[in-house]
Amino acid sequence: MANVCQSCLDDPWLKRVVRDHASGSDCAFCGAIGPEIAAPIEVVVGCIKTCMAGSFQEAAGIPIEGSVTRWYPGTTWSTDELLWDLLGLDIRDRPKLFSALVNGLGSERRWSTADPAVMPEHERLRVSLARFCWRINHEARFFLLSDQRERAALEELGRRCVAFGLIRVLGRCETDSRTLPN
Ligand SMILES: [Zn+2]
């Protein structure tokens, strides 16, 4: 069973996992030696699985008749992509450790969001914005606020813009507004 030490992991949460389970005296990835400095890689893999539960899960592929491969509806990712791109575990300079984590999770597995049948919120917002832009440009340029649902949508958009800090007052505008005639 290979052990990994804190120094081999950048993520503060994974470092803590290693610290809490440090029963080994050697790191198989950097060669460090010392009393109780490293935890079994399986423990780290288990904690990663627990942490991503609810966000990602193993994709349920559909068998293709006469083929050993499966068909995966929706977007799926390999274990490499899951760790690297989606969970942000950027340890490209430690290929041996990365490979051990990939193997621990299952190098042949594919992953999807926890509920692939539901469109993620960012995708829903993107589609809604595209529809909204089309309506303003081509259908209701001067009458948008007369529709109660669209008024509510605009108010929600405004609330999110404020919440995300996307609105700021420009000094030039303040100056201009003071110089406007009453
Ligand atoms: Zn190490």
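Read the figures in this text as sums done on the coordinates, not as results from a lab. On a predicted model such as this, the values are computed, not experimentally measured, just so you know. Positions of Cβ are generated from backbone atoms using ideal geometry, with glycine treated the same way; all protein chains shown enter the neighbour counts.
Being surrounded by 11 or more Cβ atoms within 10 Å (Cβ to Cβ) and in contact with a helix residue (DSSP H, G or I) (Cβ under 9 Å, 6 or more places away or on another chain), is that true of even one residue in the range 62-75?
No; the residues of the range 62-75 include none that is surrounded by 11 or more Cβ atoms within 10 Å (Cβ to Cβ) and in contact with a helix residue (DSSP H, G or I) (Cβ under 9 Å, 6 or more places away or on another chain).
Which one of these does VAL4 not meet: (1) within 23 Å of the chain's Cα centre (by Cα); (2) in contact (Cβ under 8 Å) with a residue 24 or more places away in the chain; (3) within 14 Å of the ligand (Cβ to nearest atom)?
So VAL4 meets the others, but not (1).
Which of the residues belonging to the range 100-116 are in contact (Cβ under 8 Å) with a residue 12 or more places away in the chain and either more than 21 Å from ALA2 (Cβ to Cβ) or in contact with a Phe, Trp or Tyr (Cβ under 8 Å, 6 or more places away or on another chain) (or both)?
ALA100, ARG110, TRP111, SER112, THR113, ALA114, PRO116
If SER146 satisfies every condition in (1) surrounded by fewer than 12 Cβ atoms within 10 Å (Cβ to Cβ); (2) touching a Gly at 6+ places or on another chain (Cβ under 7 Å) but one, which is the exception?
(2)
Checking the condition without any contact (Cβ under 8 Å) to a residue 12 or more places away in the chain, surrounded by 11 or more Cβ atoms within 10 Å (Cβ to Cβ) and over 22 Å from ALA59 (Cβ atoms), which residue from LEU97, LEU125 passes? Spell out how you get there, then give the answer.
Details: LEU97 fails: without any contact (Cβ under 8 Å) to a residue 12 or more places away in the chain.
Just one listed residue meets the conditions, LEU125.
Failed condition for THR50, given (1) within 15 Å of the ligand (Cβ to nearest atom); (2) surrounded by fewer than 19 Cβ atoms within 10 Å (Cβ to Cβ); (3) under 15 Å from GLY104 (Cα atoms), with all others met?
Checking THR50 against (1) within 15 Å of the ligand (Cβ to nearest atom); (2) surrounded by fewer than 19 Cβ atoms within 10 Å (Cβ to Cβ); (3) under 15 Å from GLY104 (Cα atoms), the one that fails is (1).
Residue by residue, here is whether (1) among the aliphatic types (A, V, I, L, M); (2) more than 24 Å from the chain's Cα centre (by Cα); (3) more than 15 Å from GLY88 (Cβ to Cβ); (4) buried (at least 17 other Cβ atoms within 10 Å of the Cβ) holds:
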{"residue": "LEU9", "(1), (2), (3), (4)": "yes, no, no, yes"}
{"residue": "PRO12", "(1), (2), (3), (4)": "no, no, no, no"}
{"residue": "ARG19", "(1), (2), (3), (4)": "no, yes, yes, no"}
{"residue": "GLY24", "(1), (2), (3), (4)": "no, yes, yes, yes"}
{"residue": "ALA39", "(1), (2), (3), (4)": "yes, yes, yes, yes"}
{"residue": "VAL43", "(1), (2), (3), (4)": "yes, no, yes, yes"}
